[in-house]
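The values are calculated or read from the model by the stated rules, or taken from the named source; none is laboratory data. Remember, predicted model here, so these are calculated numbers, not experimental data. Here Cβ is always computed from backbone atoms with ideal geometry, including for glycine, and neighbour counts include all displayed protein chains. Side chains are part of the model used for accessible areas, which takes the heavy atoms of the whole protein and leaves out ligands, DNA and RNA. Shrake-Rupley method; radii C 1.70, N 1.55, O 1.52, S 1.80 Å.
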Amino acid sequence: MTYYARHVFICCNQRDNGEQCCNDRGSREMRDYAKDRVKELKLSGPGKVRVNQAGCLDRCKEGPVMVIYPDAVWYTYVDRDDIDEIIDEHLVHGRIVQRLRI
């Protein structure tokens, strides 16, 4: 068994050269929201879910992006509603949100 059942990595990379990046699309705010929401739902902690900031996940043109392991499912999102749907469907019920999958 792994230390966490699921590990969520949210790209918060900021590029200084003007190229598109996840942070330009609000990824840090969405990371903070996701962390708080997972804690509110009592999904966080050993044996449960961990939400982490990631550096560049190298899918910036599809961003903002997140990946959930060990499932290896990549998502894009726009707002809190999308984050809520990913948390409820994927993290709570184990169902992939196909409309947000990349």
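For a quick check of understanding: with a 1.4 angstrom probe and all protein chains in place, what accessible area in square angstrom does ILE102 have, to the nearest ten?
For ILE102, solvent-accessible area is about 50 Å².
Report the label-to-label distance for THR2 and ASP58 in nanometres (one decimal), using points 7 Å from each Cα along the Cα→Cβ vector.
Spacing of the two 7 Å Cα→Cβ label points: 1.9 nm.
Nearest 10 degrees, 0 to 90: what angle lies between the long axis of helix 27-40 and the longest principal axis of the chain (Cα atoms)?
10 degrees
Roughly speaking, what is the centre-to-centre gap between region 67-102 and region 1-55 when only Cα atoms are used, to the nearest Å?
About 12 Å separates the Cα centre of region 67-102 from the one of region 1-55.
Within the accessible area of region 1-46, what % is carbon and sulfur when the probe is 1.4 Å and the other protein chains stay in place?
48 percent
Modelled label-to-label distance, ARG101 and GLU89, 7 Å Cα→beta-carbon offset: nm?
1.0 nm
What trypsin sites (Lys or Arg not before Pro) in region 24-58 are in a loop by DSSP, with at most 10 other Cβ atoms within 10 Å of the Cβ?
Here the sparse-neighbourhood loop sites are LYS42.
Whole number in Å², please: accessible area per residue of the chain, 1.4 Å probe, ligands, DNA and RNA not counted.
Dividing the accessible area of the chain by its residue count gives 57 Å².
Computed over the Cα atoms, what is the radius of gyration of the chain divided by 2.2 N^0.38 Å, N being its residue count?
1.01
Counting other Cβ atoms within 10 Å of each Cβ, which chymotrypsin sites (Phe, Trp or Tyr not before Pro) in region 1-59 have at most 14 and sit in a DSSP loop?
Here the sparse-neighbourhood loop sites are TYR3.
Roughly how many nanometres apart are two label points built 7 Å out from the Cα toward the Cβ at LEU41 and ASN17?
Calculated label separation equals 3.7 nm.
Find the relative contact order for the chain and round it to a whole percent, using C-alpha pairs within less than 8 Å whose residues are 6+ positions apart.
32 percent
Could you pull out every Cys in the chain that lacks a partner Cys with its beta carbon under 4.7 Å away?
Taking the Cβ cut-off of 4.7 Å, the unpaired cysteines of the chain are CYS12, CYS21, CYS56, CYS60.
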